[in-house]
Amino acid sequence: MKKSSLFKSAALALIITALSASSAGASGFHLIKKGDTLWGLSQKYGLTMDQLKESNNLNSSVILAGDKLRFEKMITIEKGDTLWSLAKKQHTTVGQLKHVNGLKSDTIYAGHKLIIPAFVLVRPGDTLWGISQTYGLTVDELKRNNGLKSSLIFTGQVLKVNKVTSDKSTGYDADKVIPGLTPRPGYYYTAEEPRKFILQSNDDYYFTRVEVILAGTDISSLKKQAQNELRLLGKVTELPSENSLPFYKGSEFVMHAHDSGVQKNIVVKEVDGVLLKFTIHFRNAEESEGIVPEMLKMLNTIEIK
């Protein structure tokens, strides 16, 4: 097998280059060693031989020591496929597919390749936090995926990085939870993708994303994730949940940040026994003093179906 045979497709080469540039952590490649076989590697990484062949553009099962073998699962998009349908089929989410493939919209095209998060090989200097950021996961999800009791990982270790979409062992199936809400005139409320919903005003600057959090998720991990997200706007402040508007009371935490044009609050709270994350986005303007409380009143009526 020649090295060039691994990368016949220009599109595949671009994807690999993008991943190498953006990933600060684990590798999606296996350096083939003497004695390795395609069948043995397929068993190690939980893929079929056909999937390995497709990901590497191989015409046979012959592999040579010293070559690199991509073991990230890659599929060819077929006519009629959508990110939603592929996410359900591949046991991941639309958000993770977009994150890993660098997609800016939900539009995909038949014949193109799509990376499906599956496994990574830990390299020197990798951390669970760095890997979680690359693959759109929380540290808690990575630990649960791999049965880890601590954040300690080792060079050469193989980690699962697909986003788990349900956890039936801890009280509720997050993938089946629907936070119900009846919007007032001037707003609409709809599902964006599995576990994610949006309350949107006619003014695009006023909206709230509602995410169903996996049962048993560590609150400290969610808090750290919220702080990192908000730092993109500016200084992060934790607001008191008590002695405030009714919606905020009883929250696990309320975090805030703003720049000259936009303000954002991230709230995590339990509703009817289900953990929800609310990302509230609004203008940094005087008019928000009237609009935001109205939106919070609607959010405070959410019920779990």
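The values are calculated or read from the model by the stated rules, or taken from the named source; none is laboratory data. Worth saying up front: this structure is predicted, and the values here are computed from it rather than measured. Counting neighbours? That spans all protein chains shown, and the Cβs are built from the backbone with ideal geometry, glycine included.
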Inset, instruction - Scan 69, 38, 31, 64 and give me the residue that is among the hydrophobic types (A, V, I, L, M, F, W, C), modelled with pLDDT of 55 or more and in contact with a Ser or Thr (Cβ under 8 Å, 6 or more places away or on another chain). - result: 38
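When residues of region 289-305 are filtered for being in contact (Cβ under 8 Å) with a residue 40 or more places away in the chain and either more than 14 Å from residue 187 (Cβ to Cβ) or not β-branched (Val, Ile, Thr) (or both), how many remain?
Applying the first criterion (in contact (Cβ under 8 Å) with a residue 40 or more places away in the chain) to region 289-305 yields 291-305.
Next, from what is left, pick out any that are either more than 14 Å from residue 187 (Cβ to Cβ) or not β-branched (Val, Ile, Thr) (or both): 293-300, 303-305.
The qualifying residues number 11.
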Inset, instruction - Kindly indicate whether residue 265 is polar (S, T, N, Q), at pLDDT 90 or above and over 25 Å from residue 285 (Cβ atoms). - result: no
Legend entry - Residue match in region 244-252 (condition: touching a Pro at 6+ places or on another chain (Cβ under 9 Å) and either small (Gly, Ala, Ser) or assigned to a loop (DSSP other than H, G, I, E, B) (or both)): yes
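A quick yes/no check of all residues on (1) at negative phi; (2) loosely packed, with under 12 Cβ neighbours inside 10 Å:
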site	(1), (2)
240	yes, yes
250	no, yes
261	yes, yes
272	no, no
292	yes, no
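Return yes or no: is residue 142 touching a Phe, Trp or Tyr at 6+ places or on another chain (Cβ under 9 Å) and not hydroxyl-bearing (Ser, Thr, Tyr)?
So residue 142 passes the test.
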Inset, instruction - Name every residue in region 255-292 that is among the hydroxyl-bearing types (Ser, Thr, Tyr) and within 23 Å of residue 174 (Cβ to Cβ), in order of residue number. - result: 279
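Quick grid of which residues meet (1) of a type in the set (D, E, K, R); (2) within 20 Å of residue 193 (Cβ to Cβ); (3) touching a Lys or Arg at 6+ places or on another chain (Cβ under 9 Å):
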| site | (1), (2), (3) |
| --- | --- |
| 49 | no, no, no |
| 57 | no, no, yes |
| 106 | yes, yes, yes |
| 151 | no, no, yes |
Inset, instruction - For region 59-67, state whether one or more residues are surrounded by 12 or more Cβ atoms within 10 Å (Cβ to Cβ) and among the β-branched types (Val, Ile, Thr). - result: yes
Legend entry - Unique match (being surrounded by 13 or more Cβ atoms within 10 Å (Cβ to Cβ), touching a Pro at 6+ places or on another chain (Cβ under 7 Å) and not aliphatic (A, V, I, L, M)) among 126, 81, 140, 175: 175
